[in-house]
Amino acid sequence: MQLPRWRYPVVCDTDSGSVVYDNYEGHWGDQSHLDKLLQSYATEKCKLEARRQGHTVTEQTLSDGSIKLTVCVGE
């Protein structure tokens, strides 16, 4: 996966869940782009797992860029 303005791609092994990359301590790519990718993946995985268990999920992007998920557990 090629991140914006990264010199080399990020490699994701979907079977193991591992992510391999080299940004040469920020010289070959901005860490914030990788952080955003990992945050998006974690958000989607949490929503998927909650919905599989029959729960509803709401998502809210906060002013600092973080994401707040609310899982409503039914009775």
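The values are calculated or read from the model by the stated rules, or taken from the named source; none is laboratory data. The model shown is predicted, which means the values in this text are computed figures rather than measured ones. With ideal geometry, Cβ positions are generated from the backbone for all residues, glycine too; neighbour counts draw on all protein chains shown. Please note that ligands, DNA and RNA were not included when accessible areas were found on the heavy atoms of the full protein model with its side chains. Shrake-Rupley method; radii C 1.70, N 1.55, O 1.52, S 1.80 Å.
Summary table below
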item: Net charge dipole size for the chain [Lys, Arg +1 and Asp, Glu -1 on Cβ; Debye, nearest 20]; result: 220 debye
item: Most mobile of 58, 14, 43 in a GNM of the chain (Cα contacts under 10 Å); result: 14
item: Low-density loop positions, trypsin sites (Lys or Arg not before Pro), the chain - DSSP coil, at most 14 other Cβ in 10 Å; result: 5, 7
item: Summed side-chain charge close to residue 28 - residues other than residue 28 whose Cβ falls under 13 Å, Lys, Arg +1, Asp, Glu -1; result: -1
item: Structure-derived Kirkwood radius over Cα pairs in Å - corresponding label in (1) 15.5; (2) 14.2; (3) 13.3; result: (2)
item: Distance (nanometres) between label positions extended 7 Å along Cα→Cβ at residue 71 and residue 16; result: 2.7 nm
item: Projected label distance in nm at residue 27 and residue 60, using a 7 Å step from Cα toward the beta-carbon; result: 4.3 nm
item: Most mobile of 60, 39, 31 in a GNM of the chain (Cα contacts under 10 Å); result: 60
item: Within the accessible area of the chain (1.4 Å probe), percent carbon and sulfur; result: 52 percent
item: Surface accessible to a 1.4 Å probe, per residue, for the residues of the chain, Å²; result: 79 Å²
item: Residue with peak Gaussian network fluctuation, the chain [Cα springs, cutoff 10 Å], from 35, 64, 22; result: 64
item: In the range 1-36, the chymotrypsin sites (Phe, Trp or Tyr not before Pro) that fall in loop regions by DSSP, at most 10 other Cβ within 10 Å; result: 24
item: Sites residue 48 and residue 5, calculated FRET efficiency, Cβ-Cβ separation with R0 30 Å, nearest 0.05; result: 0.55
